[in-house]
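Read through the structure below, which is laid out as structure tokens, and then see the notes.
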Amino acid sequence: MSACYAPLPSRALVRVRGPDWRSFLQGLLSNDVEGLAPGELRFAALLTPQGRLLFDLFVIGDEDGCRLDVQAVRREALVQRLMMYRLRAKVEVAPDDGRVTALWAADEAPAGWRRDPRLPALGFRGVDLPPPPGAELVDEDAYDRQRLALGAPDPARDCIPDRTYPIEADFDLLGGIDFSKGCFVGQETTSRMKRRGGIRSRMLPLVFEGEPPPFGAEVLAGELRAGEVLSGRPGRAMALLRLDRAIGADLTVDGRPVRVDLPDWYAG
């Protein structure tokens, strides 16, 4: 398979700079930014104080600060939320016009590309980068198929803001939470869920025949509710599943048999 290159118009950028940018984001985001180097990429989240997912994002290290790779439709809301937290911190927060791109099925990438920190098979992410020589130009739909084939949740498609816990969306398994970094917004609930084994549900892929069930369709283990379907394509969908009922069980959705397809990276 040749390398694939896709612009990601569903993503947009926010620039954060100023003398206090590291300490400012360090107290907010689920991942560490104190050690973020220029050109490095980290996966993270901004949570509610109650520990629910508000924004998924990638933090891109720059020489004079960082850029946040976020959902385009929620960029303005993120800027407003960061400004609310700014108080006396010496930081500037503003939209950035850069275009986010993805490259995968490539063993190496030219300068400027940053490896996706979630899974090696998700490839690389870049900003304003052209296709490398020999890469096939595809659309964002192809990138989403790759993501779903790997069983990686997409918070933009699979999560409802202020409802989902980041651990339910596998942030802890995909490098999106640093449990040793100290306090961040929502840290107490997040750490308690991990530490006390309170993880009852996770997002995992389902496989089945035919078209995907509708978003929110109920997954049943016999007569017991085992979860709900999220984003999907023919033959495969993400679902938020209750682990004690779904793993290894005979499952149905709308009377159709489905089964959990545990990804190689899953260690729940």
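Since every read-out is calculated from the coordinates, none of them should be taken as a lab result. Because the structure is predicted, anything quoted here is derived from the model rather than measured. In this analysis, Cβ positions are derived from the backbone assuming ideal geometry, glycine residues included, and neighbour counts consider all displayed protein chains.
Here are a few things to note about the model shown:
- The antiparallel fraction among DSSP beta bridges confined to the stretch 4-149 stands at about 95%.
- Summarising the amide proton neighbourhood of G39: residues at separation of 5 or more, or on other chains, whose placed amide H is nearer than 5 Å comprise G61, D62.
- For the stretch 173-223, the list of GluC sites (Glu not before Pro) that fall in a loop by DSSP and count at most 12 other C-beta atoms within 10 angstrom reads E209, E223.
- Amide H contacts for A239 (H built 1.01 Å from N in the peptide plane; partners 5 or more residues away or on another chain; cut-off under 5 Å): L204, L206, L230.
- Applying the Karplus relation 6.51 cos²θ - 1.76 cosθ + 1.60 with θ = phi - 60° to the stretch 161-169 yields 3J(HN,Hα) values of x, 6, 10, 8, 7, x, 5, 4, 8 Hz, where x marks Gly and Pro.
- Comparing P257, A221, A239 along the charge dipole axis of the stretch 200-268, the residue lying farthest to the positive side is A239, per the Cβ-charge model.
- Excluding exposed DSSP-loop trypsin sites (Lys or Arg not before Pro) (at most 11 other C-beta within 10 Å), longest clean stretch of the chain: 1-87
- 3J(HN,Hα) along the stretch 103-109, derived from phi through the Karplus expression 6.51 cos²θ - 1.76 cosθ + 1.60 where θ = phi - 60°, amounts to 9, 9, 6, 10, 5, 10, 10 Hz, with x in place of Gly and Pro.
- Rounded to the nearest 20 debye, the dipole size of the chain about its Cα centre is 920 debye, using +1 on the Cβ of Lys and Arg and -1 on the Cβ of Asp and Glu.
- Other-chain or far-sequence residues with amide H under 5 Å of V258's (modelled H): L251, T252, V253
- Dipole magnitude of the stretch 46-185, debye to nearest 20 (Cβ charges: Lys/Arg +1, Asp/Glu -1, about Cα centre): 620 debye
- For the chain, calculated [θ]222 nm from helices alone, where every DSSP H run of n ≥ 4 adds -39500 (n - 2.57): -4500 deg cm²/dmol
- Helix axis angle, 140-149 relative to the chain longest principal axis, alpha carbon, degrees: 60 degrees
- For the stretch 221-247 and the stretch 94-118, distance of Cα centres in Å: 31 Å
- Couplings 3J(HN,Hα) for the stretch 48-57, derived from phi with the Karplus relation 6.51 cos²θ - 1.76 cosθ + 1.60 (θ = phi - 60°), are 6, x, 7, x, 9, 6, 9, 9, 8, 7 Hz, where x marks Gly and Pro.
- Rounded to 10°, Cα long-axis angle of helix 75-86 versus longest principal axis of the chain: 60 degrees
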